[in-house]
Amino acid sequence: MPQLGCNFSPQLISLINNDRADVDWIKLSRWETYQEDYSVARPLHPILLHVLPHAGKLSFDEVDWGALNSAVHDCGSPHIALHLASMQTDWGEHTPTDREVVDRMTAGAKLWASNMDVPLLVENVPYSSFHGILRPATDPNVIRQICRESGVGLLLDLAHARVACWHRNEDVDAYLRALPLDRVREIHVCGPAMNPNGGLQDRHLEMQTDDYELLRRTLALTAPTVVSLEYGGTGPKFEWRSEIEILERQLNILDGIVRHG
């Protein structure tokens, strides 16, 4: 039976402290506030650390491997994830071939897997002009190939999959079945939303009926160790979508699906 995780937020901490909801893991995704957030979250639960960049970057020379591995150990995080993305900005004025995109992401995944003390997962990403992600990064066969060649697991983000499929004009269930579902170790969930100017976008909003149903179907095909809700957070990017009643409602529904389904 999977465990339940959730983004760190003051609202989540309040729900936990007042016995209104509970999780098994608290997810931290802001390295710039890591120490402060860690001091609040770690006494309550182990932490899923989610602070890595994307696989298609030109260089990772600035990475402090020792600091990251020390943080992973302190958090008790069972794995860490790298976004499996490549963007045109990674290539300057050069327009890469599909082969170049795949080769660079594979090299990035192998580098991270060899330097981290816990298993590495790669996370599928959304595809749309809004995100600037190159289409090959979202091809299921590419994701499968990189997982195999790098020896890594998959962090399956269902909102990212829905967004990618909307813009690729593909069926989401068929898309998911083409992924290496046997490698799924964690699932991310949240609510995407339509943008009048950009189609379906990853917005980290409240989950709706379609999102819960997709999770149910996905759980029937996978065996993740944890399902993490990505609603709520801190800082300007997330604090405006971190309402305590909405968070509580989602956690209670997910508790029924994930822990008792």
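Structural remarks
- Total residues in the range 63-99 satisfying the condition of being surrounded by 16 or more Cβ atoms within 10 Å (Cβ to Cβ) and not in a strand (DSSP E or B): the figure is 13.
- Members of the range 202-249 that are touching a strand residue (DSSP E or B) at 6+ places or on another chain (Cβ under 6 Å) and among the polar types (S, T, N, Q): Gln208, Thr222, Thr225, Ser228
- Some residue of the range 77-84 being of a type in the set (Ser, Thr, Tyr), within 19 Å of Ala164 (Cβ to Cβ), touching a strand residue (DSSP E or B) at 6+ places or on another chain (Cβ under 8 Å) and at pLDDT 95 or above: no
- Of the residues making up the range 209-259, those that are in contact (Cβ under 8 Å) with a residue 24 or more places away in the chain, part of a loop (DSSP other than H, G, I, E, B) and over 22 Å from Leu176 (Cβ atoms) number 7.
- Ala164 satisfies every condition listed in (1) in a helix (DSSP H, G or I); (2) hydrophobic (A, V, I, L, M, F, W, C); (3) over 15 Å from the mean Cα position of the chain (by Cα) except (3).
- Pair list, Cβ under 7 Å, 6 or more apart: the range 6-32 residue touching a residue at least 24 places away in the same chain (Cβ under 8 Å) and among the basic types (Lys, Arg), other residue surrounded by fewer than 18 Cβ atoms within 10 Å (Cβ to Cβ) and part of a loop (DSSP other than H, G, I, E, B): Arg30/Gly235
- Residues satisfying the stated conditions in the range 189-213, i.e. within 13 Å of His160 (Cβ to Cβ), within 16 Å of the chain's Cα centre (by Cα) and of a type outside the set (Lys, Arg): Val189, Cys190, Gly191, Pro192, Gln201, Asp202, His204, Asp211
- Residues that are touching a Pro at 6+ places or on another chain (Cβ under 6 Å) and closer than 27 Å to Leu221 by Cα occur in the range 1-17; there is at least one.
The values are calculated or read from the model by the stated rules, or taken from the named source; none is laboratory data. A quick note: this is a predicted structure, and the numbers were derived from the prediction, not measured. Glycine gets a Cβ as well: all are built from the backbone with ideal geometry, and neighbour counts include every protein chain shown.
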